[in-house]
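The values are calculated or read from the model by the stated rules, or taken from the named source; none is laboratory data. Worth saying up front: this structure is predicted, and the values here are computed from it rather than measured. Heads up, the Cβs are rebuilt from the backbone with ideal geometry, glycines too, and the neighbour counts pull from every protein chain shown. With ligands, DNA and RNA removed, areas are computed over all heavy atoms of the protein, side chains included. Shrake-Rupley method; radii C 1.70, N 1.55, O 1.52, S 1.80 Å.
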Amino acid sequence: MFVDRENITSSINVKRNFPINIKEEEKYLFINEIRRSFDGSYKIDEKNCWIFGQNIFSIKKVSLFKNETFFGYPSLKKIIKETTKNLLKIRKFKKISSGVWITDNKSNIYFHWFCDVLQKIVLIENLENKKLLIPEKFLKDQFIVETLRLLNVNFLTIDENTLYFVKDLTIMGETAPTGNYNPEILKSLQQKFFDLNLGETDSSKENKYWILRDNDKRQIENSDEIYQILKSYGFDFIYFEKLSILDKIKILNNTSYLGGIFGSGLTNMLFLKNGANLIEIRNENDDMNNAFFSMASALDLNYFYFISKFEGNKKIKIFLDPKKFDIFLANIGLVKS
């Protein structure tokens, strides 16, 4: 049955510039992202819905709202499997008068939480009076709990063993397809974090940080050599997973260069100030994964890229040519200390 959507933003056209260090023969890596058009954001106001786990079901509409609760384009088999699994967990029943839904089944991934989920709260009117419904499995991740509290979001935990009947439910649709952004919305989310009371910060310092991660599945084979080159250009190394959100904001507010291998750590560019610089190590011939190029563009950051070959599946090995990498850093304006 037809689901009635209410548009809350207009459709947009996005124009992005090529990376600052673009080479003519490598434009094909980015060309599909230079001009994009997106539908506006929307919400669905539903009466008398049932919620179990990550599923929402309307008997009247005979709808599972798969576009709003499942990431991407899931197969029918996956939808049936996940829905059945959630149904089998039910042990209790509760009624809720009203609530707002903003998550899908991938929302506990760091990138998706910041770039897909949190942007939706910018569009919720009178947020302080609304109650977001958050599945309990997501609240096992500290960054989710921390951001909800920092942004003063009123939320109710949805237990996975409980069937909920919700009289009035608002379901928020995507602000843009995953890996793309409505710049105005993304910057509004960024400003919410910048408006937090950070305490004293040393604005005279402009740090350079290279992202590392314990047990990272993407590893630089000749890391000792590459890290020495980065140190010679004044880079320090940062493990974001060991920091609170507030600490990340404080550090990145005074950061002029942030770099790392393609991965969720680059999501933290959200906390860089306008005009800062982002460096991404990309897989050669990869013209599909442009989420961080697009994000840097939406945030008005200077985006630079360095290409290498990623080998492997579960454990990815990366070799960076030391000479080329040294020249690359010098060519983008960095000076050895």
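Tabulated data for the structure shown
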read-out: Output for the range 60-79, where each listed residue is assigned to a helix (DSSP H, G or I) and loosely packed, with under 10 Cβ neighbours inside 10 Å; value: 76, 77
read-out: Residue under evaluation residue 259, criteria (1) under 21 Å from residue 150 (Cβ atoms); (2) touching a Leu at 6+ places or on another chain (Cβ under 8 Å), criterion not met; value: (1)
read-out: When residues of the range 26-43 are limited to those that are modelled with pLDDT of 95 or more and in a loop (DSSP other than H, G, I, E, B), the one farthest from residue 176 (Cα to Cα); value: 30
read-out: Out of 17, 7, sole residue that is loosely packed, with under 15 Cβ neighbours inside 10 Å and either out of contact with any helix residue (DSSP H, G or I) (no Cβ under 9 Å at 6 or more places or on another chain) or of a type in the set (Ser, Thr, Tyr) (or both); value: 7
read-out: Options 320, 270, 278, 334: the member that is farther than 17 Å from residue 233 by Cβ and either modelled with pLDDT of 90 or more or crowded, with 21+ Cβ neighbours inside 10 Å (or both); value: 270
read-out: Qualifying positions in the range 57-75 - among the hydrophobic types (A, V, I, L, M, F, W, C) and over 20 Å from residue 112 (Cα atoms); value: 57, 59, 62, 64
read-out: Pick from the range 44-59, criterion within 20 Å of residue 120 (Cβ to Cβ) and in a loop (DSSP other than H, G, I, E, B), ranking: farthest from the chain's Cα centre (by Cα); value: 53
read-out: Index of the failed condition, residue 160 passing every other in (1) part of a helix (DSSP H, G or I); (2) open to solvent by 30 Å² or more (accessible area, probe 1.4 Å); value: (1)
read-out: Test for residue 43: is it more than 30 Å from residue 276 (Cβ to Cβ) and open to solvent by 70 Å² or more (accessible area, probe 1.4 Å); value: no
read-out: Verdict on residue 297 being closer than 23 Å to residue 179 by Cβ, open to solvent by 30 Å² or more (accessible area, probe 1.4 Å) and not in a loop (DSSP other than H, G, I, E, B); value: yes
read-out: Matching entry among 152, 182, 105 (being polar (S, T, N, Q) and more than 16 Å from the chain's Cα centre (by Cα)); value: 152
read-out: Residue in the range 111-119 that is surrounded by 11 or more Cβ atoms within 10 Å (Cβ to Cβ), among the aromatic types (Phe, Trp, Tyr) and in contact with a strand residue (DSSP E or B) (Cβ under 6 Å, 6 or more places away or on another chain) present; value: no
read-out: Options 251, 327, 307: the member that is of a type in the set (A, V, I, L, M, F, W, C), outside any strand (DSSP E or B), in contact (Cβ under 8 Å) with a residue 24 or more places away in the chain and open to solvent by 20 Å² or more (accessible area, probe 1.4 Å); value: 251
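Residues checked against (1) in a strand (DSSP E or B); (2) open to solvent by 40 Å² or more (accessible area, probe 1.4 Å):
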| site | (1), (2) |
| --- | --- |
| 99 | yes, no |
| 125 | no, yes |
| 138 | no, no |
| 143 | no, no |
| 147 | no, no |
| 156 | yes, yes |
| 180 | no, no |
| 198 | no, no |
